[in-house]
1. With a ≥ b ≥ c taken as the square roots of the eigenvalues of the C-alpha gyration tensor of region 1-76, please select rounded if a/c is under 1.5 and otherwise prolate if a/b is larger than b/c or oblate if it is not?
2. How many nm separate the modelled label positions at Asn45 and Thr101, each set 7 Å beyond the Cα in the direction of the Cβ?
3. Grab the beta carbon distance between Glu82 and Lys205, set R0 = 25 Å, and tell me the FRET efficiency rounded to 0.05.
4. How tilted is helix 107-122 with respect to the longest principal axis of the chain? Cα atoms for both, answer in degrees (0 to 90, nearest 10).
5. Going through region 1-92, which trypsin sites (Lys or Arg not before Pro) have at most 10 other Cβ atoms within 10 Å and a DSSP loop state?
6. Could you work out how far helix 153-173 tilts from the main Cα principal axis of the chain, as a 0 to 90 degree angle to the nearest 10?
7. Mind giving me the nanometre distance, one decimal, between the label points for His30 and Ala109, set 7 Å out from Cα along Cα→Cβ?
8. Given (1) 12.4; (2) 16.6; (3) 15.4, which label gives mean projected area of the Cα convex hull in nm² as computed from the coordinates?
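Where a number appears in this text, it was derived from the coordinates with a stated rule and is not lab data. The model shown is predicted, which means the values in this text are computed figures rather than measured ones. So basically every Cβ, Gly included, is an ideal-geometry build from the backbone, and we count neighbours across all protein chains shown.
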Amino acid sequence: MAISTKPSQERSRRRREELLRATVAVMAEHGTKGVTHRAVAEYANLPVASTTYYFTSREEMIEQALQMHVAERVAEMNALTESVRSSGDLDAKFVDRLLATLVDRPEEAVLSLFEFYLEASRTPAMRAPVEEALASFEGLAAATLAGVGVRDPQLAAEGVIAIIDGFALHRMARSRGRDADISGLYNALRAHLVASVMDEDELRKRFAGLTDRD
């Protein structure tokens, strides 16, 4: 009689995920230097042997934690922006939900993402995974912006992600209240979007000093 391996496979998947979430948590609290097999295992309340079973190195743990983090965030934002891509309409309800989702993200998730970025600046091997992560975020933003008539969705998407990350970083460094955070992010994204849908002639008329750089 054949013995099903599904239960053990499911347990293995859950344990690996627990370790990756522990990696994210350790990074948020102690930075990438704090990520060791022992620290991650202790945070997950699992034996150290479990980390060495699933991951050959701390670098592999960090890279796979990044991949999980990005996949979950892209899935979350993809579900949110699907209506915009299908209707081409940035209504007030969507904008409110988007801003709330961005501003209310758990501090641990924000801090760990910046730790991934910093690790890429220090460790050349991490640059490719981080570049892929940014490309995923920008690709989702570009697909959404294309639906609302932006002239160059990919270029505009790079600015959108940079604005979102910049405001998130500032929220970690200061406390000025949720309403102020939402208002500041809204104004910055709106200004960027308005400029992205204006044609070059209109941009030159309004911002000659900024557009005629040559």
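1. Cα axes put region 1-76 in the oblate bin.
2. 3.2 nm
3. On the way: r = 36 Å, r/R0 = 1.44.
It comes out at approximately 0.10.
4. Helix 107-122 sits roughly 90 degrees off the main axis of the chain.
5. none
6. It is inclined by approximately 70 degrees.
7. If labels sit at His30 and Ala109, their model points lie 2.4 nm apart.
8. The value matching this structure is (2).
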